[in-house]
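See structure below.
The values are calculated or read from the model by the stated rules, or taken from the named source; none is laboratory data. For clarity, every value in this text was computed on a predicted model and none was experimentally measured. Glycine also receives a Cβ, built like all others from the backbone with ideal geometry; neighbour counts cover every protein chain displayed. Accessible surface is based on the protein model in full, side chains and every heavy atom, while ligands, DNA and RNA are left aside. Shrake-Rupley method; radii C 1.70, N 1.55, O 1.52, S 1.80 Å.
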Protein chains: 2
Amino acid sequence: MTPVARPFSHAIDRLRAVWLRPTRQRLALAKLLFDGCDRHISAEQLHGAALAANIRVSLATVYNTLHQFTEAGLLREIVVDAGRSYFDTNVSLHHHYFYEKSGQLVDLSGDMIHMEGIPLHSPDGRRVSRVDVIVRVDG
Amino acid sequence: MTPVARPFSHAIDRLRAVWLRPTRQRLALAKLLFDGCDRHISAEQLHGAALAANIRVSLATVYNTLHQFTEAGLLREIVVDAGRSYFDTNVSLHHHYFYEKSGQLVDLSGDMIHMEGIPLHSPDGRRVSRVDVIVRVDG
DNA sequence: CGCTAGTCTGTAATCGTTCTTATTTAAGAG
DNA sequence: CTCTTAAATAAGAACGATTACAGACTAGCG
């Protein structure tokens, strides 16, 4: 209930906060993405969802928007496969199960796994931007 | 020094051990891959290396061979980017730094990071096939 | 309203990878 | 050594996800 926990209930406020012009397309996509549920969605899936909701938006714009949101910290990109990446609306610290067969991605709470010894810098002193843990499941 | 630590010094023995016919192409690629150094190599890079070494082999065969070796446990596939995957000749337990800018992959010794709480099964009881940890570095 | 930088569209291009089909080859039998 | 056959390879077409491009559109401002 603190302002930090749920800072921007409205899509337009989220966009303003990260200095992205609230255009029709970005607003519509933001509303689809940030509806309160955590999502793991691909660009194609979001494009499909937009069309299904009668929002005319090109696939190129979906890609642009997803990358802009990711850069702004509203989304986190998760690469599971050569040639498949998902965008996660939950940007808090957590990890993932990945079901190789179905391609499904499932959250693994961040405090379930304790990691020690993870470096904050690379061997040559550069900053670690993030640590991805993917638990791969056969079935 | 135990037989297990360095079981197959010769490429041909490695192939026999995993029931892959030692064809000219597979032998040549195995020699390039398992020369004693740990490598993180992409299919294109290996193809280039083969051509440079005057080994005529098609890209399709390089892909087939890499996947067969991976399935046989001689290699480990590491996906870092949508549309880029590397094959690691070091199949022992360890993790990786990934330099986003250069695309370089660097080993992170397995016992540097201690992880606790990593599940052996998925929430619905399926076996975890492996856990990938990628420490992403900006520069 | 009119201007301008930023954004969007539709399509073509690109990239890494996989598929397909004809050809070649390893390896065992005779 | 030759024959036979299943397995492996070559070459390029096909593929799917993503990116690039050039022109049209629009938000925000005066």
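Miscellaneous remarks
- Per the listing B:Leu27, B:Leu51, B:Leu20, B:Leu32, the residue uniquely assigned to a loop (DSSP other than H, G, I, E, B), farther than 27 Å from A:Arg127 by Cβ and at pLDDT 95 or above is B:Leu20.
- For the stretch A:103-122, the set of residues classified as modelled with pLDDT of 90 or more and not in a strand (DSSP E or B) consists of A:Leu120, A:Ser122, listed by residue number.
- Filtered residue count, the stretch A:27-59, keeping only those that are open to solvent by 30 Å² or more (accessible area, probe 1.4 Å) and among the β-branched types (Val, Ile, Thr): 1
- Boolean, A:Val135 is outside the structural domain of A:Cys37 (by TED's automatic domain parsing) and within 14 Å of B:Ile134 (Cα to Cα): yes
- Considering residues of the stretch A:109-130 that are more than 8 Å from chain B (Cβ to nearest Cβ) and within 16 Å of A:Leu93 (Cβ to Cβ) only, the residue farthest from the chain's Cα centre (by Cα): A:Leu120
- Residue among A:Phe98, A:Phe87 that is more than 10 Å from chain B (Cβ to nearest Cβ) and free of Cβ contacts under 8 Å to residues at least 60 places away in the same chain: A:Phe87
- A single entry from A:Val137, A:Val106, A:Val133 fulfils the requirement of being under 17 Å from B:Val80 (Cβ atoms) and within 12 Å of chain B (Cβ to nearest Cβ): A:Val133.
- Qualifying residue in the stretch A:116-139 (condition: aliphatic (A, V, I, L, M), in contact (Cβ under 8 Å) with a residue 12 or more places away in the chain and open to solvent by 50 Å² or more (accessible area, probe 1.4 Å)): no
- Test: residue in the stretch A:12-19 that is acidic (Asp, Glu) and either open to solvent by 40 Å² or more (accessible area, probe 1.4 Å) or near DNA strand C (Cβ under 9 Å from one of its atoms) (or both): yes
- Hits in the stretch A:79-132 - residues which are β-branched (Val, Ile, Thr) and more than 16 Å from DNA strand C (Cβ to nearest atom): A:Thr89, A:Val91, A:Val106, A:Ile113, A:Ile118, A:Val128, A:Val131
- Complete set of residues in the stretch A:93-115 that are open to solvent by 60 Å² or more (accessible area, probe 1.4 Å) and within 24 Å of A:Arg14 (Cβ to Cβ): A:Leu93
- Sub-7 Å Cβ pairs linking a first residue in the stretch B:62-82 that is on the phi > 0 side of the Ramachandran plot to a second residue that is crowded, with 21+ Cβ neighbours inside 10 Å and β-branched (Val, Ile, Thr), at least 6 apart or interchain, number zero.
- Looking only at residues of the stretch A:60-83 that are more than 21 Å from A:Asp13 (Cα to Cα) and exposed (fewer than 14 other Cβ atoms within 10 Å of the Cβ), we find that the one that is farthest from the other protein chains (Cβ to nearest Cβ) is A:Ala60.
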